[in-house]
Amino acid sequence: DALVKPLEVRTVYANGKHNAFTAMRRFKGDLYLAFRSGDAHNSATADVLVLRSKDGKEWAKAHILDVAKDDRDPQFVMTDKRLFLYCPAMNGATLTTWLTYTDDGKTWSKPEAVYEPQFILWKPIMYDGTFYAAAHKKDETGGGKGRAVHLVKSADGIKWEKVSLIRAGNWESETTLFFDAKHHATAFLRQ
């Protein structure tokens, strides 16, 4: 197989910081790009920036999420009417996943905490009219024994509930869900 080569490489945003961990969606005709902007990969200070573009060439700031010292790993999911942005944020060892959303791309809701403390909602998706995500518990103690991944769901993208435990006790994190044509869910788990 021949390798696919890019036609063009373009800088979208540069501010001299470590800009990484991107999420992108097209919502109501515009592209939205969210990413963490911090001093380094694991710095204890960072914000999440959201840029918007009509054509993928010209970008403008659409939103800044700054709810804690270290805002990170933005995750988008959308419906026809609403674009949701989930963002885990840390103040020291305390972690909370925050949600903000927009219906028009200009006005964003006040950030609100979702699911349980110390859990990160990872790559939420819509499937058959319901929101699903893997929520992994961040716990660096005990050689990974305090880690866990829950399958969670939501009817509105705001209130989340646990469906089941996917796995626990072995450094679980960053689990991505996939639903096939037979309505079977597969969890791709990082250990």
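In the range 1-46, of all residues being assigned to a loop (DSSP other than H, G, I, E, B) and touching a Gly at 6+ places or on another chain (Cβ under 7 Å), the one that is least open to solvent (accessible area, probe 1.4 Å) corresponds to T45.
Please tell me if G157 is open to solvent by less than 70 Å² (accessible area, probe 1.4 Å), closer than 23 Å to D80 by Cβ, outside any strand (DSSP E or B) and not aromatic (F, W, Y).
Answer is yes for this residue.
Could you tell me whether the range 115-138 includes any residue that is in contact with a Pro (Cβ under 9 Å, 6 or more places away or on another chain), open to solvent by 40 Å² or more (accessible area, probe 1.4 Å) and modelled with pLDDT under 95? Yes, the range 115-138 contains at least one residue that is in contact with a Pro (Cβ under 9 Å, 6 or more places away or on another chain), open to solvent by 40 Å² or more (accessible area, probe 1.4 Å) and modelled with pLDDT under 95. Taking the range 78-105 as the range and being open to solvent by 10 Å² or more (accessible area, probe 1.4 Å) and farther than 15 Å from P117 by Cβ as the test, the residues that pass are M78, T79, D80, K81, R82, Y101, D103, D104. Scanning the range 1-31 for residues that are under 26 Å from Y86 (Cβ atoms) and among the acidic types (D, E) gives a single hit, D30. Screening H183 against (1) in contact (Cβ under 8 Å) with a residue 24 or more places away in the chain; (2) open to solvent by less than 30 Å² (accessible area, probe 1.4 Å); (3) not basic (K, R) leaves a single unmet condition, (2).
The values are calculated or read from the model by the stated rules, or taken from the named source; none is laboratory data. Everything numeric here is computed off the predicted structure, so don't read it as measured data. Reconstructed Cβ throughout: ideal geometry from the backbone, glycine too, with neighbour counts over all protein chains shown. Calculation scope for accessible area: heavy atoms of the full protein, side chains included, ligands and nucleic acids excluded. Shrake-Rupley method; radii C 1.70, N 1.55, O 1.52, S 1.80 Å.
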